[in-house]
Amino acid sequence: METFNYVKAPNVEKALASAEQAKFIAGGTTLVDLMKLHVETPKTLVDINLLPLEKIEKLPDGGLRIGAMVRNSDLAWSDEVKKSYPVLSEALLSGASPQLRNMATTGGNLLQRTRCMYFREPNAGTPGGYGCNKRTPGSGCAALDGFNRMHAVLGTSDKCIATHPSDMCVAMAALEAVIHVEGPKGKRTIPFADFHKLPGDTPHIENALEPGELITHVDLPKPVEGAKSTYLKLRDRASYEFALASAAVVARVEGGHIRYIRVAMGGVGTKPWRSHEAEAALMGKPANQASFKAAALAALAKSKPHKDNAFKVELAKRCLVRSLKTATATA
Amino acid sequence: MSTTPSGIIGRPTPRIDGPLKTTGAAKYATDFHIDGMAYAVPFVSSIASGRIRNLDTSAAEKMPGVLLVLHRGNIGQLYRTVPGDGDATNSEVRPAFEDDIVRHWGQYVALVVAETFEEATSAAAVIHAEYDLETPKLRSSLDDFTGERKKGSHRGNFDAAFGSAPVKVDQTYVTPIETHNPIEMHGSVAVWDRDQLTMFETTQGVVNHRVVMAQTLGIPIENVRVVTRFLGSGFGGKLFPWPHCAMNAVAACKLGRPVKLCLPRRMMFSSVGYRPRTEQRMRLGASMDGKLLALSHDYLNSTSLLDDYDEGCAEATPYLYSVANLSVTSGLVRRNLGAPMYMRGPGAVPGLYAMEAAMNELADELKIDPVKLRILNDAEKDEDKNIPFSSRHYRECLEVGAKKFGWEKRTVGIGSMRRYGKILGWGMAGASWVALRLPCTAHVEFHANGRVSVRSGTQDIGTGTYTTFAQVVHEKTGVPLDRIDVVIGDSALPDGPMSGGSMVTGSVLNAIANASTEAMKKMIALSTGTEGSPLKGTKAEELEFAEGRIRKKDSAAGDPEFAEILKLARVDGLSAEGKTVPTWEDPQSKDKSLHSYGAQFVEVEWEPDIARLRVSRVVTVIDAGRIINPKAAANQIAGAVVMGVGMGLLEETVHDQRTGQPINGSMADYLMATCADSPEIDVTFLDYPDPAMGEYGARGVGEIGLAGVAAAITAAVHHATGVRVRELPVKIEDLLQSKILQA
């Protein structure tokens, strides 16, 4: 870990004023880890734990406003979330451990960085170390020819195949959340789908935040009437592991046909993976196995597996079929 | 604590050291903070093969707080241990910094010592090494083996018998590199007082550690003391010293200050051993009615460039079943990896995975129930050594296990059993583990303050050694458990055994019992000779020692507590020594085949549509002689079963094929079973004392619970999914091959 300055911000204005050359620290569950690994070397840490952004509030339009500092555990166990957005609660509770969830925040989880083992190596991106275009653009990608069982099959580029690790974000992608930020140029909102960036040629740019911008809260739209939802996470062991494949589905079925559908996937994409292809394949179709399989096929049609992760394509399909079955079950 | 001595052996007894551990008062090696202590952090190689061309430590030496950067150029002479010296077993042949050749990723290149851990860590990060690279041998598969195979056990004519056998199995089974991963990382605190060195160590053997350190450092053995009061387990990884211990001791000596070195988790994957990869070809020939006619076990295991580590996979093969024609061969395949090291149930655990998996395949070939196949081939004697078994109840393990599990309800068809929308798979396997009683010494001492202490130079790896020792002293003397002090984990104590091979209980209890008996005799003698004693002048043979008192056998009159006698005699403590005769010298045991046995029955739940498989239920029946503390023993077996779930489904150390780095070297990426993966576990002990093991007939339970679990899991996986996995762990990739798509 490198030496750093530490500032405790009492309010958003002070936080923004201290943001130059700095990183905001909330729960610290990713950032401190990465600082120990020399992946993150901020000159200054601005502690935002005092910021009054820890509330969950109903919005006049029936939506829900989640403060950026709301802890994962508080969000998962919130009555409103359990009742109106159970897919978010399920996704949160499938991630990490209770101790980590007690620390990790909503805003922080949006910025969770990949678990790519090469990215996390202290010497990655340095001469003699593993190539990592996220760490040092142009240094290469050691995962392409390395051990890449956990890596992405969707949204990859020849510069980066790192998986986005968050469960919460998969649910938020399906819920079409809106991210509110505040920065030197004022306040703005970012639709969830535009927040995370594909790696392309610039895998070091992971999201749409401008320098100095702070996430203040996340809005969830009004729950879809009559819709059911589910989050399914598949992994090697039963707990404390990132997804090999996961799916968040929100669906409404009328007269046996799918009238509303949102599909997002985790564990397989370089960002929380909203599948418009799956949704298009399902909309208006009968809620049956044939439709689900067609949707799964469509969702993975552009998948590009590497040496160790070809199985993820089939696993993600199965994950999707089961999730669609669960979310559309009438009983 | 109110317990009666008569029933204490075999009674579930809470750990006497439990409160120390739950309150944090138990001091583990790196909990020793000595005044003036400095902190050491290793700098390790980032390549697997080559030569260090240049090592630049100048920037590190200028960093704040840095006291010393130790490396090949300034460490001075470190020695190898004497080859073949059984009292000085080392982990690696090569001491730290012996030459400038790098043979594995993570090899120690330098050691930074600074005022604080943070300063040492920062300084280590700016050390720069240049290497002349060579192409490392990292291939995972061992199929490039070309050397001579070593011949092991042999009887009859395997080739002829296998050739003519009507039913055959010929398969190769693979176990991957597994890493020990005790929760407590390896650590060392070295303190010099002039020429006297005290080392607070994470070791499973303080006595051996002391000898190795004396030999490595080239100092008299009487100048070294090794202390391990508590150990956060080791699973074999802490049996013998690793190079960091001597490195740290030299640093402390050069600085004239205590130095602490605690390995970070990532170095636990590269620098302190692992279970090597094994590839085991099993050939079984049988008659149509299931009698084994021929058995061969040909295995390879990986090892390092300098260490001839033989995993010994065929440990159980020659005696577990009756078979007239048998052959065993082995070979070592060198890789640019650190030295392998014994891991819980070394040899037998990977070996029995292969053996029992092959037996299950044979049962399927023969369409015979796998339990019946094993009973049919049960051995009456050890056919390898042609000697009787001391106490073998393998058949009863199988029968009791089958009954408790409900095995008779098993339907044979693949995917044929269902529950709550999931497919069930049932599988089973046998288990065994060697028993041995090592020579050792214990002292038992009565103190004038009313307490009794027992001392031996062994240590508690976390299994409950403190408690079993106290149980024996309580049984013999009647002094309550809360007045018994167990003093272990110090090489200054009388020689005790390593905490390895499940041997501490079977070995030390006899010495403690003998020492207790001798100490009670001495107390009786003192009571009859002490002025003012109510027993003064009484004949010793009229007296007995019971309930912590000395009393006349025929009357309740005058029964002083031992402390009263000591006070009257103005003696602070009275001590006696007891010894354990090793099994190989004891006429009761020396011509017997001593082993523990077990049976594992496993249920898996399988959701084919999402390829999700979990172990839901395990019944394990263990024949390990008499069980001293069923509570701690069941805990050992259940823990081993959970480890078996990891071995079967999760654990595998993956090395990057370019750098040789264990690339999943963290607790998040190296998958072990979590609580959520732990099945319902039913542990049964048969509890037959083994007369060859001495007074208590205990054989130890540290490793047997792991044996067989993986083979039972792969059988259950096959039963549920139809997929036959012969390379551990069973992965989702394998399960996706199942033809069954819906439950």
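One table, with the values for the structure above:
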{"read-out": "Set A:102, A:109, A:49: member being of a type outside the set (Lys, Arg) and in contact (Cβ under 8 Å) with a residue 60 or more places away in the chain", "value": "A:109"}
{"read-out": "Any chance residue B:590 is open to solvent by 30 Å² or more (accessible area, probe 1.4 Å), in contact (Cβ under 8 Å) with a residue 12 or more places away in the chain and of a type outside the set (A, V, I, L, M, F, W, C)", "value": "no"}
{"read-out": "Cβ pairs under 8 Å, 6+ apart, first in the stretch A:211-229 and open to solvent by less than 20 Å² (accessible area, probe 1.4 Å), second aromatic (Phe, Trp, Tyr)", "value": "A:214/A:24; A:220/A:85"}
{"read-out": "Matching strands (runs of 3 or more DSSP E) fully within the stretch B:365-465 where at least 2 residues are at pLDDT 95 or above and over 30 Å from residue B:560 (Cα atoms)", "value": "B:417-419, B:422-434"}
{"read-out": "Residue check for residue B:159: part of a loop (DSSP other than H, G, I, E, B) and open to solvent by 80 Å² or more (accessible area, probe 1.4 Å)", "value": "no"}
{"read-out": "Among residues of the stretch A:122-131, those that are within 13 Å of chain B (Cβ to nearest Cβ) and in contact with a strand residue (DSSP E or B) (Cβ under 8 Å, 6 or more places away or on another chain), counted", "value": "2"}
{"read-out": "Among (1) among the polar types (S, T, N, Q); (2) away from chain A (no Cβ under 14 Å); (3) not in a loop (DSSP other than H, G, I, E, B) - the single one residue B:616 does not satisfy", "value": "(2)"}
{"read-out": "Residue in the stretch A:106-113 that is open to solvent by 30 Å² or more (accessible area, probe 1.4 Å), small (Gly, Ala, Ser) and away from chain B (no Cβ under 14 Å) present", "value": "yes"}
{"read-out": "Selection status of residue A:203, away from chain B (no Cβ under 14 Å) and open to solvent by 30 Å² or more (accessible area, probe 1.4 Å)", "value": "no"}
{"read-out": "Boolean, residue B:707 is small (Gly, Ala, Ser), within 30 Å of residue B:362 (Cα to Cα), outside any loop (DSSP other than H, G, I, E, B) and touching a strand residue (DSSP E or B) at 6+ places or on another chain (Cβ under 8 Å)", "value": "no"}
{"read-out": "Test: residue B:197 is modelled with pLDDT of 95 or more, open to solvent by less than 60 Å² (accessible area, probe 1.4 Å) and in a strand (DSSP E or B)", "value": "yes"}
{"read-out": "Elements of type strands (runs of 3 or more DSSP E) in the stretch B:484-599, at least 2 residues being within 35 Å of the chain's Cα centre (by Cα)", "value": "B:484-487, B:573-580"}
{"read-out": "Some residue of the stretch B:693-700 being of a type in the set (Lys, Arg) and within 14 Å of chain A (Cβ to nearest Cβ)", "value": "no"}
{"read-out": "Residue check, residue A:260 outside any loop (DSSP other than H, G, I, E, B), open to solvent by 20 Å² or more (accessible area, probe 1.4 Å) and more than 30 Å from residue A:10 (Cβ to Cβ)", "value": "yes"}
{"read-out": "Criterion: at pLDDT 95 or above and in contact with a Pro (Cβ under 6 Å, 6 or more places away or on another chain) - qualifying residue of B:282, B:288", "value": "B:288"}
{"read-out": "Checking residue B:450 against (1) more than 29 Å from residue B:235 (Cα to Cα); (2) in the same structural domain as residue B:633 (by TED's automatic domain parsing); (3) in contact (Cβ under 8 Å) with a residue 12 or more places away in the chain, the condition it does not meet", "value": "(2)"}
{"read-out": "Scan of the stretch A:298-331 for residues that are under 11 Å from residue A:275 (Cβ atoms), more than 21 Å from the chain's Cα centre (by Cα) and either within 14 Å of chain B (Cβ to nearest Cβ) or in a helix (DSSP H, G or I) (or both), ordered by number", "value": "A:298"}
{"read-out": "Any hit, the stretch B:693-702, residues being of a type in the set (Asp, Glu), open to solvent by 20 Å² or more (accessible area, probe 1.4 Å), in contact (Cβ under 8 Å) with a residue 40 or more places away in the chain and part of a loop (DSSP other than H, G, I, E, B)", "value": "yes"}
{"read-out": "Listing of strands (runs of 3 or more DSSP E) fully contained in the stretch B:230-337 that carry 3 or more residues being open to solvent by less than 20 Å² (accessible area, probe 1.4 Å)", "value": "B:278-286, B:292-303, B:325-334"}
{"read-out": "Residue within the stretch A:54-67 that is touching a Ser or Thr at 6+ places or on another chain (Cβ under 6 Å) and more than 30 Å from residue B:124 (Cβ to Cβ) present", "value": "yes"}
{"read-out": "Some residue of the stretch A:73-94 being under 28 Å from residue A:151 (Cβ atoms), part of a loop (DSSP other than H, G, I, E, B) and within 14 Å of another protein chain (Cβ to nearest Cβ)", "value": "yes"}
{"read-out": "The stretch A:210-239: number of residues that are within 17 Å of residue A:168 (Cα to Cα), within 14 Å of chain B (Cβ to nearest Cβ) and more than 15 Å from the chain's Cα centre (by Cα)", "value": "4"}
{"read-out": "Count of the stretch A:132-147 residues which are facing another protein chain (nearest Cβ under 10 Å) and not small (Gly, Ala, Ser)", "value": "2"}
{"read-out": "Flag for residue A:242 being out of contact with any strand residue (DSSP E or B) (no Cβ under 8 Å at 6 or more places or on another chain), outside any helix (DSSP H, G or I), within 11 Å of chain B (Cβ to nearest Cβ) and surrounded by 21 or more Cβ atoms within 10 Å (Cβ to Cβ)", "value": "yes"}
{"read-out": "Members of the stretch A:15-39 that are more than 14 Å from chain B (Cβ to nearest Cβ), at pLDDT 95 or above and not in a strand (DSSP E or B)", "value": "A:26, A:27, A:28, A:31"}
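For (1) within 11 Å of chain A (Cβ to nearest Cβ); (2) open to solvent by less than 50 Å² (accessible area, probe 1.4 Å); (3) free of Cβ contacts under 8 Å to residues at least 24 places away in the same chain, each residue gets a yes or a no:
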| residue | (1), (2), (3) |
| --- | --- |
| B:94 | no, yes, no |
| B:99 | no, yes, no |
| B:106 | no, yes, no |
| B:112 | no, yes, no |
| B:115 | no, no, no |
| B:120 | no, yes, no |
| B:123 | no, yes, no |
| B:127 | no, yes, no |
| B:130 | yes, no, no |
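Residues are listed down the side, and each one gets a yes or a no for (1) open to solvent by 30 Å² or more (accessible area, probe 1.4 Å); (2) hydrophobic (A, V, I, L, M, F, W, C); (3) within 14 Å of chain A (Cβ to nearest Cβ):
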{"residue": "B:657", "(1), (2), (3)": "yes, no, yes"}
{"residue": "B:663", "(1), (2), (3)": "no, yes, yes"}
{"residue": "B:671", "(1), (2), (3)": "no, yes, yes"}
{"residue": "B:685", "(1), (2), (3)": "yes, yes, no"}
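The values are calculated or read from the model by the stated rules, or taken from the named source; none is laboratory data. Worth saying up front: this structure is predicted, and the values here are computed from it rather than measured. Quick reminder, even Gly has a Cβ in these numbers, built from the backbone with ideal geometry, and neighbours come from all protein chains shown. All accessible areas refer to the heavy atoms of the entire protein, side chains included, with ligands and DNA or RNA removed. Shrake-Rupley method; radii C 1.70, N 1.55, O 1.52, S 1.80 Å.
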